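Below: one structure, written as structure tokens.
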Protein chains: 2
Amino acid sequence: MTASPFNPLLRKLEGYTELSAPARAALTALAARPAYRVAARRDLIRRGATPAHVYLICDGWACRYKSLPDGRRQILDFLIPGDLCDLNIYILSRMDHSIGAITALDVVGIPREELQALADAHPQVTRALWWQALVSKSCSREWIVNVGARSARERIAHLLCEMFLRLESVGATDGCSCDFPLTQADLAEATGLTAVHVNRTLHRLRETGLIVLADRRLTIPDMAALKAAGLFNPDYLHLDRSEGH
Amino acid sequence: MTASPFNPLLRKLEGYTELSAPARAALTALAARPAYRVAARRDLIRRGATPAHVYLICDGWACRYKSLPDGRRQILDFLIPGDLCDLNIYILSRMDHSIGAITALDVVGIPREELQALADAHPQVTRALWWQALVSKSCSREWIVNVGARSARERIAHLLCEMFLRLESVGATDGCSCDFPLTQADLAEATGLTAVHVNRTLHRLRETGLIVLADRRLTIPDMAALKAAGLFNPDYLHLDRSEGH
DNA sequence: CGTTCAGTTGACCATGATCAAGAGTGGTGG
DNA sequence: CCACCACTCTTGATCATGGTCAACTGAACG
């Protein structure tokens, strides 16, 4: 259990909307329960399950994914500290995809009723959670564009931009660098490419100086250039608080 | 304005969850306002707009799409009768994509406050709307798999299965046939293929007897076979009411 | 030390893209 | 009413992006 596991969520929500002191305190208290640890590469939630908790990632990276009958896998999203697994607080439905740990994970499970009660008591929290749900939908749409319309180089550049900005929004970056635990196989499953082709594409991105990526650490010396290479437009992340009302 | 524009939405929501008589009446009344017509191939909502209404498609087909700076377009979803455009009833955020009419459209615009009031008054409605939002998220995820992990043949077969089942759930099919207004270019933009390749792939699907598609009309003689061809698993549509609680 | 896993590189291949041309259809305006 | 235009579908020829198969390196780990 980390010292203040909830910080990333608070930080993210406050990027979206203002939170009153009581709302903030309530959110902090909510997650002030023991985090538990999931080993790297293990599943946190399996397809077909009906989880009674909403999981909050406190530390580490996870991914949503779906498998096809013949073993092909598609990663649908990456989850980083501050992300909530599934906001099914109103409806208990069967998972149609799985969530797997990339790295070792610290997570807390929040009972649905408790989150619901909190949302009922604090309209600001409701709004912040809605915002988070809408943003995650918006991300899904952008991923469709990524795998459907962009070239290999653009896909990877775009994904790197997205992850860097998301990490930045929860304070998990360090200047123009960040930890980056994804393997090339992970990148392949997220972008709809093969690991071999990801390797070659990363090679070219490195060659042209757009990224420095080694030892699970990513540096983006010139973000504007990488954004251009990935046709990246950050609107869909809705990181700008002023957009809200 | 059609005779009972709201039927598709009611029918769809009742597929998800039970509605009390008053809830049903309120939903019907909500849409008992004049529908207006959008010409085929016109935009209903443009990227960057902040719509004050939630639009309900009463008749016709529309699509969500995003454009890249160089003109490439990716269709993100198709909207059919009974579909609500954007459930931003809590948060007014700027559209990060556009919605365009495929065919001529009959739509009604429901003021956000009114839908919100209805949801507040009828918890069943809230639940049904949440369900609809979660299902649409689930569809987005499946589309990522479609364009990211499936072959051309699989993508098209999958899309045809999805649309047919969705049409069936609002009563817009006729045995194993349905109206199908998409052009091959539309299919291409939805599947991340070129129109030429869609043409050839459809040709092969027709050749093997999996589909009959001509004159904007689709017939699926053997749904099980088409599902197999598209690696289609209908779970993600959450059409089964028993899944709810 | 042997094993496993991530990364790398080369050779070759195939799916699907691109370019191009023509047929059929429907709509529109002179 | 007909000529013209635009759009959709179709097909062929050729190309390229990215996939497949395979072998090797180095690091991590028991």
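The values are calculated or read from the model by the stated rules, or taken from the named source; none is laboratory data. The structure displayed is predicted, hence computed values, not measured ones. Virtual Cβ from ideal backbone geometry, glycine too; neighbours counted across all protein chains shown.
You will find that of A:Leu187, A:Leu160, the residue that is at pLDDT 95 or above, within 12 Å of DNA strand C (Cβ to nearest atom) and surrounded by 15 or more Cβ atoms within 10 Å (Cβ to Cβ) is A:Leu187 and no other. Looking only at region B:195-214, residues that are near DNA strand D (Cβ under 9 Å from one of its atoms) and under 29 Å from A:Trp143 (Cβ atoms) come to 8 in all.
All conditions but one from (1) within 15 Å of DNA strand D (Cβ to nearest atom); (2) within 13 Å of chain B (Cβ to nearest Cβ); (3) under 30 Å from A:Leu10 (Cα atoms); (4) not aromatic (Phe, Trp, Tyr) apply to A:Glu142; the one that does not is (1). Here B:Asp179 passes the criteria (1) within 16 Å of DNA strand C (Cβ to nearest atom); (2) at the interface with chain A (Cβ under 8 Å from one of its Cβ atoms); (3) more than 30 Å from A:Ala195 (Cα to Cα) except the one numbered (2).
Residues of region B:207-231 that are among the acidic types (Asp, Glu) and either touching a Gly at 6+ places or on another chain (Cβ under 7 Å) or away from DNA strand C (no atom under 14 Å from the Cβ) (or both): B:Glu207, B:Asp222.
A count restricted to region B:62-77 and to residues that are closer than 20 Å to A:Val135 by Cα and either more than 8 Å from chain A (Cβ to nearest Cβ) or crowded, with 18+ Cβ neighbours inside 10 Å (or both) stands at 9.
Residue check: is A:Leu13 in contact (Cβ under 8 Å) with a residue 12 or more places away in the chain, in a helix (DSSP H, G or I), touching a Gly at 6+ places or on another chain (Cβ under 6 Å) and not charged (D, E, K, R)? No; evaluated as a whole, the condition is false for this residue. Looking across region A:132-159, the residues that are out of contact with any Gly (no Cβ under 7 Å at 6 or more places or on another chain) and of a type in the set (A, V, I, L, M, F, W, C) come down to A:Ala133, A:Leu134, A:Val135, A:Cys139, A:Trp143, A:Ile144, A:Val145, A:Ala152, A:Ile156, A:Leu159.
Taking the criterion of being away from DNA strand D (no atom under 16 Å from the Cβ) and either loosely packed, with under 14 Cβ neighbours inside 10 Å or closer than 18 Å to A:Leu9 by Cβ (or both), the residues of region A:31-44 that qualify are A:Ala31, A:Ala32, A:Arg33, A:Pro34, A:Ala35, A:Tyr36, A:Val38, A:Leu44.
The criterion of being of a type in the set (A, V, I, L, M, F, W, C), within 16 Å of DNA strand D (Cβ to nearest atom) and under 30 Å from B:Ala49 (Cα atoms) does not hold for A:Leu226.
Any idea which of (1) surrounded by 19 or more Cβ atoms within 10 Å (Cβ to Cβ); (2) within 16 Å of DNA strand C (Cβ to nearest atom); (3) more than 14 Å from every other protein chain (Cβ to nearest Cβ); (4) charged (D, E, K, R) is the one B:Arg204 doesn't satisfy? In the conditions (1) surrounded by 19 or more Cβ atoms within 10 Å (Cβ to Cβ); (2) within 16 Å of DNA strand C (Cβ to nearest atom); (3) more than 14 Å from every other protein chain (Cβ to nearest Cβ); (4) charged (D, E, K, R), B:Arg204 misses (1) alone.
Of all residues in region A:160-188, those being away from DNA strand D (no atom under 16 Å from the Cβ) and among the charged types (D, E, K, R) number 4. Among the criteria (1) within 16 Å of DNA strand D (Cβ to nearest atom); (2) within 12 Å of another protein chain (Cβ to nearest Cβ), the one A:Ala157 does not fulfil is (2).
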